[in-house]
Each structure stands twice: as structure tokens, then as C-alpha cells.
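Visitor: Right, I'll just put the structure down here and ask away after.
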Amino acid sequence: MSQTVFISGASGYIAQHITAKLLAKGYKVIGSVRSAKKGDELKSLFKNENLSYVVVPDIQADGAFDEALKQHPEISVFLHTASPFVFQVEDVEKELLLPAVTGTKVALTSVLNHGPQIKRVVVTSSYAAMFANEDIPDVVSDETTWTELTWEQAKQNGLVGYLASKAFAEKAAWDFVEKEKPNFKLSTVNPTYVFGPQLFDEYATGPVSTSVELIKAVLKLQPTDEVPSVQGPFIDVRDVADAHLVAFESDAAIGQRILLQDGRFSNSKVVEIIKANFPEFKDKIPAPKTTHEEEIKSHCKLDSSKSDKILGIKFISIEQSIKDTVAQFIKVKAV
Ligand code: NDP
């Protein structure tokens, strides 16, 4: 009999790719969404009877996932992807820290109390939780390092708030397991900047995930603009989805933080790839003022060798990822 996997935040960019991979492998999937409208949209796009949804309007509410778990005792895996990924906020605590941290604790508490049969839980964390120090070239970030920020520092602005929200939420998950000794085993997936197409063209026409908006912003540059300096480590969304499956299928992933990265991107690199592959943007997008090497040189190193070994995935290249992302934006006339 096929296993049933629960995924919170099923409407999200990464979650849709995870759902597609799960369905393709014969899993039944129950996704949580914030409204029936979002659930119906997903059902009509996936067109797969192995996908159903439950509405969880507020992941911070006590027992938010209790009812869903009581009604579906067949669930054996719980993936928690729902978390705000925005930098533009007015209230860091309310819009980022609390949904991320309380949402994670609420989800794990529901599993503890109402999903004793659930054996594996995967929390989608982030490299944002793993910075040793991004701005020192000789420092190495890996599966053992943590972003050290206080709750007060987190409230400075949306960017710092987001980084801290992921660090606090992931820490809360590991602390929960340590304290409660639940029936399930925990793994986290820690992606760096995620690029790649939306699973469905329909989602590429409007606002997209904050990471993919970076590529759209480059496409929208005018010849007289300056290319903003943006860089960071990168991974393709389809690899992120595969990693979530490995995170609960493989025993080697138990208790692990799985760092996902395939080197650094920079806006110089993104511009180079776009100009080389899409003639219509060749003269429109301005030339970067600096080189890729220059843009990335003052940042820390990442060592994901432990995670790479657990995953055994040959990652999709930055070239392919950007090409597929841009091709979709062009196809749906989003740029
Ligand atoms: P999306 O914005 O596409 O997805 C976010 C998901 O979380 C959506 O389903 C959204 O629901 C849900 N969500 C957001 N805020 C809340 C809230 N307050 N209460 C309930 N649900 C909420 O982003 P991604 O798919 O890119 O992100 C998914 C996960 O991956 C997040 O945990 C993010 O931190 C993490 N991540 C993303 C990276 C990236 O570069 N994209 C890198 C590293 C980690 P709704 O559709 O209703 O808004």
C-alpha cells in the first residue's frame, strides 16, 4: 500500500515541486493550505486523485494541525514547509518570527499528540539558519554551524528578521525532539537561494518566491540602469524537492541538517547566462560593472560534503536553472 505524506504550505513554490515528485513516486499527498481557494487551484492544476488538501487557516493557532491528523491516521510522513519568506515587512516579530517559530512548534506538537504513527518529520529550514559568517572569506559554513542572532537583533529589518526566523524555527524543532523524545525522527533540509521554474506556468505570471523574484528583477532592468550587486549560494528547486524525499526515505538522513548548495551565483553570472541564451535581452540588460569572481570573493565558503553524500544527487547547473526560469517568464509574458 502506498504511504501518505502530509505537506504544510502546499501552495508554495518549493512545496509544489515536492508534491509533484511525491505523486510521481506513487505517494498519496495531503497538503495544507490557508484557504479552500488555494486548495482548489492546486487540485485543478495537479489533476491527480492521490492529492487532497486540508485548510489550516492559521498555523500559529494551538492545535492547528490536530484535526487534519485525527482525520488521517494513514499519514506516516510530515513535511513542514510553511513559513513566511518575505523581506518587506512592517512588523518582523508578527510577520516573520512568530509564524516561523510558533508554526513549527504547533506542527510538531500536533504530530506528537495526534500522529503517533508518524515516523519521519522533515522541516524545511534554510542556509539562513547556518551562517558561520557570510562576510569573512576564510570562514566555512557547514552542517554544524548556526546563524547567531538574538530576538532583538532580528527585529532590525526584514532581511535579518527572515534569517533569524529560520534559525529560531529550526532550533525550536531540534529542541522539541530533544525534550519530547517523540516517535518520529527529524531531519531538516537547508537550501540556499532557490531558483528554477514554477511547477505550473499559472504561478509564473504573478508574484513568485522571493528568491526567484531576483531573476525577474534582472530581466526588468533597463539599459540605463545599474546591475545591482546580488550574490549568494544557489540550488535548483527540483533538487530541493528531491532532497525532501531523500530526507524521509533515507536512514542516513535521520537527525541531519541537509545543506543544499551548488556554488555561488552573482548577478554578473545571471546577466551573463541570460545574455548568452536569450538574444532578446542581449542589448536590453546593462553590462554588470563587476565580474562574477569579484562579486563573490569576499564571502564565506560552504562545505556541504556531508549532505552531498547523503543525497547522492547530481545537481542541476546554475546555467540550466536560470535558462529554465527565464524561458518560463518569457513564455507566460511575465517580463
Ligand atoms: P513561497 O513563498 O512560495 O512558499 C511559502 C509557503 O509558506 C506558502 O505555502 C505560504 O502560504 C506559506 N506561508 C507563508 N507564510 C505563512 C504563514 N504566516 N502562515 C501559514 N503559511 C504561511 O516560498 P518558497 O516555496 O520559496 O519557501 C518554502 C520554504 O522554503 C520556506 O520555509 C522558506 O523559508 C524555505 N526556503 C526557501 C528558499 C528559497 O530560496 N526559495 C531558500 C531556503 C529556504 P500561502 O501560499 O498561503 O502564502
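Visitor: Can you tell which of S304, S250, S229 is among the polar types (S, T, N, Q) and closer than 24 Å to F78 by Cα?
Guide: It is S250.
Visitor: Check every one of the helices (runs of 4 or more DSSP H) wholly within the range 257-335 and list those with 1 or more residues that are of a type in the set (F, W, Y) and under 27 Å from P207 (Cβ atoms).
Guide: 318-331
Visitor: Which of the helices (runs of 4 or more DSSP H) contained wholly in the range 11-82 include at least 2 residues that are buried (at least 16 other Cβ atoms within 10 Å of the Cβ) and among the small types (G, A, S)?
Guide: 13-24
Visitor: Being away from the ligand (no atom under 16 Å from the Cβ) and either among the hydrophobic types (A, V, I, L, M, F, W, C) or out of contact with any strand residue (DSSP E or B) (no Cβ under 6 Å at 6 or more places or on another chain) (or both) is the requirement here; does E249 meet it?
Guide: yes
Visitor: Being touching a Pro at 6+ places or on another chain (Cβ under 6 Å), open to solvent by 30 Å² or more (accessible area, probe 1.4 Å) and of a type outside the set (D, E, K, R) narrows it down to one residue among P207, P223, P228; which is it?
Guide: P223
Visitor: When you go through K119, K105 one by one, which is the residue that is out of contact with any Phe, Trp or Tyr (no Cβ under 6 Å at 6 or more places or on another chain), open to solvent by 70 Å² or more (accessible area, probe 1.4 Å) and touching a residue at least 60 places away in the same chain (Cβ under 8 Å)?
Guide: K105
Visitor: Take the residues of the range 124-142 that are away from the ligand (no atom under 12 Å from the Cβ) and under 14 Å from A167 (Cβ atoms): which is surrounded by the most Cβ atoms within 10 Å (Cβ to Cβ)?
Guide: It comes out as S141.
Visitor: Separate question: Between a first residue in the range 269-290 that is closer than 10 Å to I322 by Cβ and among the β-branched types (V, I, T) and a second residue that is assigned to a helix (DSSP H, G or I) and open to solvent by less than 60 Å² (accessible area, probe 1.4 Å), which pairs have beta carbons less than 6 Å apart while being 6 or more apart in sequence or on different chains?
Guide: Pairs found: V270/V218; V270/I322; I273/I322; I274/F281; I274/V326.
Visitor: I'm checking my understanding of the structure. Among residues of the range 83-97 that are over 17 Å from the mean Cα position of the chain (by Cα) and open to solvent by 30 Å² or more (accessible area, probe 1.4 Å), which one is nearest to the ligand (Cβ to nearest atom)?
Guide: Only one residue tops the list, namely E95.
Visitor: Yes or no: the range 215-223 includes at least one residue that is in a helix (DSSP H, G or I), free of Cβ contacts under 8 Å to residues at least 40 places away in the same chain and more than 12 Å from the ligand (Cβ to nearest atom).
Guide: Checked the range 215-223: at least one residue is in a helix (DSSP H, G or I), free of Cβ contacts under 8 Å to residues at least 40 places away in the same chain and more than 12 Å from the ligand (Cβ to nearest atom).
Visitor: Cβ contacts < 6 Å: first residue open to solvent by less than 60 Å² (accessible area, probe 1.4 Å), restricted to the range 292-309; second residue at pLDDT 90 or above and assigned to a helix (DSSP H, G or I), any location; separation 6+ or different chain. Result?
Guide: Taking only residues 6 or more apart or on different chains, the pairs are H292/S268; H292/K269; E295/S268.
The values are calculated or read from the model by the stated rules, or taken from the named source; none is laboratory data. Everything numeric in this text was worked out from a predicted model, so none of it was measured. For neighbour counting, all protein chains shown are included, and Cβ atoms are generated from backbone atoms with ideal geometry for every residue, glycine included. In case anyone asks, the SASA skips ligands and DNA or RNA and just uses the protein heavy atoms, side chains included. Shrake-Rupley method; radii C 1.70, N 1.55, O 1.52, S 1.80 Å.
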